[in-house]
2 protein chains.
Amino acid sequence: MNEVHRVCVRYHAAIELIGARWTGAILRALFTGHHRYAQIKSSVPGLSDTMLAERLRTLEAEEIVERRVIASTPVQVEYHLTEKGLDLEVVLDAVKAWSHKWIPLPGDEEPVGAAQGAGEAGGD
Amino acid sequence: MNEVHRVCVRYHAAIELIGARWTGAILRALFTGHHRYAQIKSSVPGLSDTMLAERLRTLEAEEIVERRVIASTPVQVEYHLTEKGLDLEVVLDAVKAWSHKWIPLPGDEEPVGAAQGAGEAGGD
């Protein structure tokens with residue numbers, strides 16, 4: 001395998017991992033302090049149980065998310081970003097900045113103007 | 001629709017647009033000066049004609065890529081990033097930096113060490 005291809009593969013794997021359907025939104029939920037399954041689910045409208053469970057498994061396997069079992073009664077499970085996961089903050093912030101500049105809000109004509117007043121405090 | 005959801009939708013749309021299979025690699029090809037169809041195709045190993053054509057159509061529809069027809073003989077077609085597309089550089093650079101730190105090269109055990117000597121000049 002040539003070097004260009006080998007390096008390309010790495011970038012490719014990263015962007016598709018992060019861009020997988022729902023993964024970006026789940027990561028954003030974790031970054032904004034949602035750690036329990038139900039909290040994550042309710043912070044991502046439209047996300048099904050099957051999909052959330054599947055994505056969390058993948059993120060765990062990739063060592064981006066760590067599953068913590070807290071020995072309480074009843075036992076609690078929390079999902080936290082690992083160091084590898086926390087390092088994605090730069091990427092997610094860049095995506096957020098770009099989307100706020102360029103993607104129109106549903107129902108709006110212009111991407112920039114309407115966004116400023118309405119949704120910035122929304123915590124996406 | 002509540003405000004959180006409306007804003008979330010925007011971020012969501014952006015990350016899934018960029019993360020769609022092959023799109024990240026195609027954008028990287030455009031950023032590194034590949035403008036003709038055949039150049040883009042050959043710079044992304046494994047990318048089929050169907051998929052490249054489909055992705056370019058989507059990127060054009062999203063106004064991230066502009067299709068230029070050059071009146072020569074024979075007529076030439078080039079694909080260029082628009083202002084919206086060029087603004088993605090920050091996102092792609094962040095993904096690249098993260099992937100170089102955290103994603104192992106195929107066949108290597110450690111992500112960081114081996115990468116330095118081998119592939120950095122590969123121009124991914």
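Values quoted throughout were computed directly from the atomic coordinates according to the rules given, and no laboratory measurement underlies them. As the structure is a prediction and not an experimental result, all values here were calculated from the model. All Cβ positions, glycine included, derive from the backbone under ideal geometry; neighbour counts span all protein chains shown.
Taking other residues whose beta carbon is less than 12 angstrom from the beta carbon of A:Leu47, and scoring Lys, Arg as +1 and Asp, Glu as -1, yields +2. Shielding of peptide B:16-26 by partners, expressed as the average count of other chain Cβ atoms within 10 Å per residue Cβ, is 6.
Volume per residue of the convex hull around the Cα atoms, evaluated for segment B:9-116, comes out as 124 Å³.
Ranking of B:Ser72, B:Ser42 by neighbouring Cβ atoms within 10 Å, starting from the fewest: B:Ser72, B:Ser42. Put in line by how crowded their Cβ is, counting other Cβ atoms within 10 Å and starting with the fewest, A:Lys84, A:Lys101 read A:Lys101, A:Lys84.
The phi-based Karplus calculation (6.51 cos²θ - 1.76 cosθ + 1.60; θ = phi - 60°) puts the 3J(HN,Hα) values of segment B:20-30 at 4, 3, 6, 4, x, 5, 5, 4, 4, 4, 5 Hz, whole numbers, x for Gly and Pro.
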